[in-house]
Amino acid sequence: MMKKLRCAIYTRKSSEDGLEQEFNSLDAQREACAAYVASQKHEGWVLLPEFYDDGGLSGGSLERPALQRLLDAVRQGQVDQIVVYKIDRLTRSLADFSKIVDILDAAEASFVSVTQSFNTATSMGRLTLNMLLSFAQFEREVTAERIRDKIAASKRKGLWMGGSVPMGYDPDGRTLKINEPEAETIRTLYDLYEHLGTVRAVKDEVDQRKLRSRRRTSANGKVTGGGVFDRGHVHHILTNPIYAGRIRHKGKVFEGQHEAIIDPDRWDRVQKRLRACAARSRSKASAKRISLLCGKLFDETGDRLTPSHSKTKSGVRLRYYISHRLVAQSGQPHPDAWRLPAEELERKVAELVRSVLSDSSFAVRLVPGASADAIGKHAKAIKPQAAEADGPALLDLVDKINIAPGYMRLRLDASTLAEMINADPDDLDDGILLHNMPFQLRKRGVETKIILTDVQADTDETLIRNIARAHIWFERIKAGETFSEIANKEDTSKRRIQHLIGLAFLAPDIVRDVLDGKQPVGFTTEWCLRHDLPSDWAKQRLLLKTL
């Protein structure tokens, strides 16, 4: 009896143009593939009814919903062969093709291109396929370069090349026209800055006047914006050359063809004042060795945490963040006040920000309704920050942190992120800027360790290894070996084995905490060599709480 070959058709189109038509490119691809499968009926080919269509998605990435569903079906043994119209519908990347082939090989599946005849089961077929993919990837890269060059040339001419339309303007072909009601808000922000002199003061006054940012509705109907201005957004508006009738591209500024909302000379004066304020802040920071989270930390009472320091007997300067009431009401008891080690907190928060940026879903969710190409650009802009940025650069992305017993709430700065990906702050999903996580303090003498459980825990590999050895040693003792015999075979001391054997009797929850890196700071191998662990689990828990 002939074996059935279950075939799934995959179709893709890079742009969304024409997808609204009754018979579009995806339908044409599917029809050609279906006809090809029907022609192979005598070989046992059977067409599966599921549709795997990716409309408006680039072939430069595997992050496509329908393709991922299809590959999952292959892994689960539900598909024997993928049928595509052309190989570049599946992927345009050699690296991605290699990943797909690995998945197919593992599932003993294959794929066929209707318009390009080759057999991937043979070395010659794979060579042919690699050549085709090389040309497809070359074509994609050349096209991308041509588009980038066109955008750069157009911006040098002062043309608006699309993207998030800044507040105060509406799109008008290849230029912008002033949206007068919104432009009045922009002028107010500049007036307030010239009058008050600081972005923080402008933000406070804007809150008093209840001014709101632009309200936007994406293609899928999601509404964003329309809320209060944060300090970063105010700074973004004050530094955006678009309001002076100019276009910025790759760090360069060109004269635009749109009308200015702010007189160019006035805009230049504002930039000089902003730079002067920034220089003064940097000077003060250098003089005081500024704490990187200064002005961004607040406790559960709304009190700001302010930088402080002390010196050890050896003269080493230790930095802290302390609740402001400890300074303002010095001498009075404040049992609920906070005193956090600054360097460790900054390091932990920087790790957290890096982990958020490294999440593959972050770029996808950052701008609701963004096209696949836009998401790809966002991911490309974020990737270097996640991989290479140092602590200060990562902490620049923090807008505000609220701490309370048991949890921390981190809010990323919308304007800094928007500038990173060349978008409007109002377009960012407000929900993805907020991150809540458990927050714990563990004390060991005068030392305080900060635990953010959303950040990968620091596991004690030595302690874990010794717990495993203790179990092995205990089994050998039960089998009749002595401590001395084990010590000779393990090339260690009898005393060390006698001290560490107690690890074989740890309570299961304590072992689990050690594996997760959640054990008390003082519970180490060295501690175990100097102390005897009680065999009673309740006494063990009580003892470890004191570390």
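The values are calculated or read from the model by the stated rules, or taken from the named source; none is laboratory data. If you're wondering where the values come from, they're calculated on a predicted model, not measured in any experiment. Quick reminder, even Gly has a Cβ in these numbers, built from the backbone with ideal geometry, and neighbours come from all protein chains shown.
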Cβ contacts < 6 Å: first residue farther than 21 Å from residue 410 by Cβ and assigned by TED's automatic domain parsing to the domain that holds residue 426, restricted to region 356-381; second residue at pLDDT below 75 and of a type in the set (A, V, I, L, M, F, W, C), any location; separation 6+ or different chain. Result? 369/219
Can you go through 234, 253, 223 and tell me which one is among the aliphatic types (A, V, I, L, M) and closer than 14 Å to residue 186 by Cβ? 234
Looking only at region 23-70, how many residues end up being under 21 Å from residue 4 (Cβ atoms) and of a type in the set (A, V, I, L, M, F, W, C)? 11
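Across region 321-355, what is the number of residues that are touching a residue at least 12 places away in the same chain (Cβ under 8 Å) and over 19 Å from the mean Cα position of the chain (by Cα)? I'd like the intermediate steps shown before the answer.
First, the residues of region 321-355 that are touching a residue at least 12 places away in the same chain (Cβ under 8 Å): 321-327, 336-355.
Now drop any that are not over 19 Å from the mean Cα position of the chain (by Cα), which leaves 321-327, 336-345.
Number satisfying all stated conditions: 17.
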Those helices (runs of 4 or more DSSP H) lying entirely in region 332-410 with at least 2 residues surrounded by 18 or more Cβ atoms within 10 Å (Cβ to Cβ) and at pLDDT below 80: 372-388
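Listed residues 74, 101, 46; which is outside the structural domain of residue 370 (by TED's automatic domain parsing), of a type in the set (Val, Ile, Thr) and in contact with a Lys or Arg (Cβ under 6 Å, 6 or more places away or on another chain)?
Details: 74 fails: in contact with a Lys or Arg (Cβ under 6 Å, 6 or more places away or on another chain); 101 fails: in contact with a Lys or Arg (Cβ under 6 Å, 6 or more places away or on another chain).
Answer to the selection: 46.
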Going residue by residue through region 95-104, is there one that turns out to be part of a helix (DSSP H, G or I), of a type outside the set (Asp, Glu) and closer than 14 Å to residue 6 by Cβ? yes
Selection from region 59-92 of residues of a type in the set (Gly, Ala, Ser) and surrounded by fewer than 21 Cβ atoms within 10 Å (Cβ to Cβ) yields 60, 61, 66, 73, 77
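Filter region 483-522 down to the residues that are among the basic types (Lys, Arg) and without any contact (Cβ under 8 Å) to a residue 40 or more places away in the chain, then identify the one that is surrounded by the most Cβ atoms within 10 Å (Cβ to Cβ). So that I can check it myself, show each step before the final result.
Keep residues of region 483-522 that are among the basic types (Lys, Arg), which gives 489, 494-496, 512, 518.
Next, only the ones that are without any contact (Cβ under 8 Å) to a residue 40 or more places away in the chain stay: 489, 494-496, 512.
On the way: 489: 10, 494: 14, 495: 11, 496: 16, 512: 12.
For region 483-522, the residue satisfying everything is 496.
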Out of (1) in contact with a strand residue (DSSP E or B) (Cβ under 7 Å, 6 or more places away or on another chain); (2) among the aromatic types (Phe, Trp, Tyr); (3) modelled with pLDDT under 80, the odd one out for residue 169 is which? (3)
Only one of (1) more than 15 Å from residue 33 (Cα to Cα); (2) at pLDDT 85 or above does not apply to residue 95, and that is (2)
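Any residue at all in region 7-14 that's modelled with pLDDT of 85 or more, polar (S, T, N, Q) and assigned by TED's automatic domain parsing to the domain that holds residue 81? I'd like the intermediate steps shown before the answer.
Step one: filter region 7-14 for residues modelled with pLDDT of 85 or more, giving 7-13.
After this cut, where a residue has to be polar (S, T, N, Q) as well, the list is 11.
Going one step further and asking which of them are assigned by TED's automatic domain parsing to the domain that holds residue 81, we end up with 11.
So far as region 7-14 goes, yes, one or more of its residues are modelled with pLDDT of 85 or more, polar (S, T, N, Q) and assigned by TED's automatic domain parsing to the domain that holds residue 81.
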Take the residues in region 166-189 that are among the aliphatic types (A, V, I, L, M) and either surrounded by fewer than 19 Cβ atoms within 10 Å (Cβ to Cβ) or over 30 Å from the mean Cα position of the chain (by Cα) (or both), then tell me which one is farthest from residue 228 (Cα to Cα). 176
Is it the case that some residue within region 508-523 is under 16 Å from residue 463 (Cβ atoms) and of a type in the set (Lys, Arg)? yes
